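Take a look at this one; I'll ask things after.
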Amino acid sequence: MPSTVSLQAIKRVGWLAGALFVVACASSYVKPLVTRGLTPEERKDFIIQNGFGLSEPVKQAFLDGLVEVGMPREMVFQLYGAPNRTSDGDGKWEYVNRRGNLVTGVSFKNDKVENVYGDPRGGLPLDGESP
């Protein structure tokens with residue numbers, strides 16, 4: 001009988017260790033910020049309807065799911081959704097992960113992106129990488 005109890009205890013400990021590993025991996029994963037906003041198809045429609053007067057690099061960055069210097073505040077909102085934190089009288093928007101750590105920050109001047117800090121890709125993997 002003691003060997004059965006030991007085997008069950010080992011199984012429970014193994015299951016618990018596996019569950020903790022999965023939770024640890026999940027908490028370090030950063031879901032790309034672009035998943036909070038418009039879908040790729042909706043971004044195309046947005047550019048068709050609202051892209052007049054925007055530079056080609058800003059349009060392309062938006063289509064690619066990236067924030068670009070010179071991008072209007074509204075486009076950042078459409079791309080990443082509402083910020084998790086704001087400061088400087090709404091002049092800085094910050095997007096954070098579940099632990100509250102900065103993923104991407106955006107500072108504005110005259111309602112246009114002046115600077116992007118943190119991860120400039122908003123958690124998107126580099127070409128060829130998987131998230």
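For residues that are assigned to a helix (DSSP H, G or I), closer than 24 Å to Tyr117 by Cα and within 21 Å of the chain's Cα centre (by Cα), tally how many sit in the range 39-59.
Summing the residues that are assigned to a helix (DSSP H, G or I), closer than 24 Å to Tyr117 by Cα and within 21 Å of the chain's Cα centre (by Cα) in the range 39-59 gives 5.
Now a separate question. Give just the number: which of (1) outside any strand (DSSP E or B); (2) out of contact with any helix residue (DSSP H, G or I) (no Cβ under 9 Å at 6 or more places or on another chain); (3) closer than 19 Å to Arg43 by Cβ does Val116 not satisfy?
Among (1) outside any strand (DSSP E or B); (2) out of contact with any helix residue (DSSP H, G or I) (no Cβ under 9 Å at 6 or more places or on another chain); (3) closer than 19 Å to Arg43 by Cβ, Val116 violates only (1).
Results for (1) surrounded by 15 or more Cβ atoms within 10 Å (Cβ to Cβ); (2) in a helix (DSSP H, G or I); (3) among the aliphatic types (A, V, I, L, M), shown as yes or no for each residue.
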site	(1), (2), (3)
Ala61	yes, yes, yes
Met75	yes, yes, yes
Gln78	yes, yes, no
Ala82	no, no, yes
Thr86	no, no, no
Glu94	yes, no, no
Arg99	no, no, no
Val103	yes, no, yes
Ser107	yes, no, no
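While we're here: Tell me whether the range 45-53 contains one or more residues that are in contact with a Gly (Cβ under 9 Å, 6 or more places away or on another chain) and at pLDDT 95 or above.
So far as the range 45-53 goes, no, none of its residues is in contact with a Gly (Cβ under 9 Å, 6 or more places away or on another chain) and at pLDDT 95 or above.
The values are calculated or read from the model by the stated rules, or taken from the named source; none is laboratory data. Source: prediction; values computed, not measured. Cβ coordinates were reconstructed from backbone atoms using ideal geometry, including for glycine residues, and neighbour counts include every protein chain displayed.
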